[in-house]
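The values are calculated or read from the model by the stated rules, or taken from the named source; none is laboratory data. Given the structure is predicted, the values throughout are model-derived calculations rather than measurements. Cβ: placed from backbone, ideal geometry, glycine included. Neighbour counts: every protein chain shown.
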Amino acid sequence: MNRLNSTSGRLNRLLPWFLPVVSFLSWFAVSESGMVPTYLLPHPKDVLAAASTYIFSEAGQGSHAGRFFEDLTASTIRVMSGFGLAVVVGIPLGIVSGRVALVNGMLGMTVNALRAVPGISWLPLAMVWFGIGLKTTVFLVALAAFFPIYLNAEAGARQVSPILLQAGAMMGVNRLRGTFAILIPAAMPHIITGLRLGMGISWAYLVLGELTGVSNGLGAVIMDARMLGRIDIIVVGIILIALIGRLCDLGLHQLLRLSFKSARRMP
Amino acid sequence: MTTRLRIVGTGRKPEVAPVVLEIQRLSKRFGTHGSGDAGVLKEISMKARRGEMICILGRSGCGKSTLLKILAGFMPPSSGLVRLNGNPVSRPGPDRCVVFQEDALFPWLTVRENIAFGLKGRKMDRGEQQREVDRFVSLVGLTDYGDYLPQEISGGMKQRVSLARVLILQPEVLLMDEPFAALDAQTREEMQNLLLYLWEKLSHTVLFVTHDVNEAVLLADRIILFEKEPGRIKKDIKISLPRPREKSTEGYFAHCRSITSEIR
């Protein structure tokens, strides 16, 4: 029984790496065979070399050398500002909207209509309003992250079992404490889902915001590399964004679990 | 709120104890989709004296749970009045606590944290709170389960927690809405005994809603028999069987039989 558990535990830990490893091996195999020209798909070793130059070399030693940390900082600031804005607006509004029919009636239709607008349609408008750079990117990220955060907080608050709120009321809990001690913990699984979706979409919209001619950032690097025909750098950018996005998701989940009992103790 | 539940010995005399809860001509109608109203409760009047164990017995749909929700303050009556110690009540409060039939524990809190929940925000220092929690955890027999989460314990244990978390608040009236209906027969019997044990010890007033005649005869000082459409009191039956009650005695069976025939 115990051994079975430990083998299945090991399998569960390895399972997520199956697809990346297989993809990498097939990529390697295809590149080695020379079936696809390198200007369409660069060889993994070239990509690795480009990545190492991009991340570790001193600035000036080749194209994009040593720019990584500057780009990472710039992009992270944009993502976190936009995401933070979406959280600050989305969660309170979502929770109120989930509990107060009046607010939901007022917001529901508008939010759902705006949600139908693809984020990219906001790009031209954002550029007119905010110019190129930080503000446009933050605006796009905040706008995109707002919807999943708001909608999930709203659903979570709406679906809280009335019996839990009744139990609180009979134990003498007032509205304010009820909101923080019952409503939000009970809605926590939904809130977490919204935050994780919002975080994921933030990175997507970051790249969109940075494609417009910003001088630094991970999205800018990808766009820059395209103009220079450096497909290896494009691939490096894509892989780095995937890694950082995943790390952010893990970090966010871990942070929530550290901060809230309800995040720790409910699936 | 500062009144403590006093420990009363076996010499209780409910007939002379002061009235705690008074229900005056209480009616409840729900609006229906068609024309007119569906009357659920009609002109309910009754009194509960301090320390009494009253069972409200009736078939499903007779409005007994609705009555409990109104008493708890979760729902307003269409007409009539509820008085607690002479004062009209309309909102939920810790002087009238409910043990629900369904699981109403906070799933993100441990057994101890659930039991302590109502004490938070009271003027009581941490040490005293912890001692009270300890006392009630052990009263309901969950000393070894204090750090478990609700999802990790059985249905019977959950109801023990539900009982402890309201008894710790020392309510004037304990309202119980078919709290043991979802439990298996053996666990239900354990819980009935636990309830009686705690009642002897803490002598709170209990209004216990049930559809189970045997349960009502086992527990009650008085059984208020409800009939339906509209829900109203059919009969107020005093059960003077000596306690502790044995389920195998002729007196017990006789009461069960006569009440069962009333219910039909």
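A few remarks follow.
- Scanning the range A:178-189 for residues that are over 24 Å from A:G105 (Cβ atoms) and more than 9 Å from chain B (Cβ to nearest Cβ), we see that the one that is surrounded by the fewest Cβ atoms within 10 Å (Cβ to Cβ) is A:F180.
- If you go through the range A:81-103 and keep only what is within 24 Å of A:S161 (Cα to Cα), surrounded by 18 or more Cβ atoms within 10 Å (Cβ to Cβ) and in contact with a Ser or Thr (Cβ under 8 Å, 6 or more places away or on another chain), you end up with just A:I95.
- Considered as a group, the residues in the range B:219-264 that are assigned to a helix (DSSP H, G or I), in contact with a helix residue (DSSP H, G or I) (Cβ under 8 Å, 6 or more places away or on another chain) and of a type in the set (A, V, I, L, M) include one that is surrounded by the most Cβ atoms within 10 Å (Cβ to Cβ), and that residue is B:L219.
- Exclusive hit being free of Cβ contacts under 8 Å to residues at least 40 places away in the same chain and under 13 Å from B:I56 (Cα atoms), set B:I233, B:I237, B:I263, B:I223: B:I237
- Selection within the range A:162-176: residues that are touching a residue at least 12 places away in the same chain (Cβ under 8 Å) and in contact with a Gly (Cβ under 7 Å, 6 or more places away or on another chain). The member of this set that is nearest to the other protein chains (Cβ to nearest Cβ) is A:G168.
- For the range A:126-142, residues that are closer than 28 Å to A:V96 by Cβ and surrounded by fewer than 16 Cβ atoms within 10 Å (Cβ to Cβ) total 1.
- Helices (runs of 4 or more DSSP H) (entirely within the range A:7-125) containing at least 3 residues that are closer than 30 Å to A:A153 by Cβ and touching an Asp or Glu at 6+ places or on another chain (Cβ under 9 Å): A:68-99, A:101-115
- Test: residue in the range A:158-177 that is surrounded by 24 or more Cβ atoms within 10 Å (Cβ to Cβ), within 23 Å of A:C248 (Cα to Cα) and not polar (S, T, N, Q): no
- Some residue of the range A:231-249 being under 30 Å from B:D147 (Cβ atoms), in a helix (DSSP H, G or I), at pLDDT 90 or above and small (G, A, S): no
- Just one residue in the set B:E246, B:E229 is acidic (D, E) and at pLDDT 80 or above; that residue is B:E246.
- Tally, over the range B:109-132, of residues that are more than 21 Å from the chain's Cα centre (by Cα), assigned to a helix (DSSP H, G or I) and either farther than 16 Å from B:V166 by Cβ or within 12 Å of chain A (Cβ to nearest Cβ) (or both): 6
- A:R264 passes every criterion in (1) more than 14 Å from chain B (Cβ to nearest Cβ); (2) farther than 19 Å from A:T73 by Cβ; (3) part of a helix (DSSP H, G or I) apart from (1).
- All positions within the range B:143-199 that are part of a loop (DSSP other than H, G, I, E, B), over 24 Å from B:V19 (Cα atoms) and away from every other protein chain (no Cβ under 12 Å): B:G146, B:I153, B:S154, B:P179, B:F180, B:A181, B:A182, B:L183, B:D184
- Taking (1) within 29 Å of A:A49 (Cβ to Cβ); (2) exposed (fewer than 13 other Cβ atoms within 10 Å of the Cβ); (3) under 19 Å from the mean Cα position of the chain (by Cα) in turn, A:D249 satisfies each apart from (2).
- Of all residues making up the range B:67-81, the number that are away from chain A (no Cβ under 14 Å), under 28 Å from B:D212 (Cβ atoms) and outside any loop (DSSP other than H, G, I, E, B): 2
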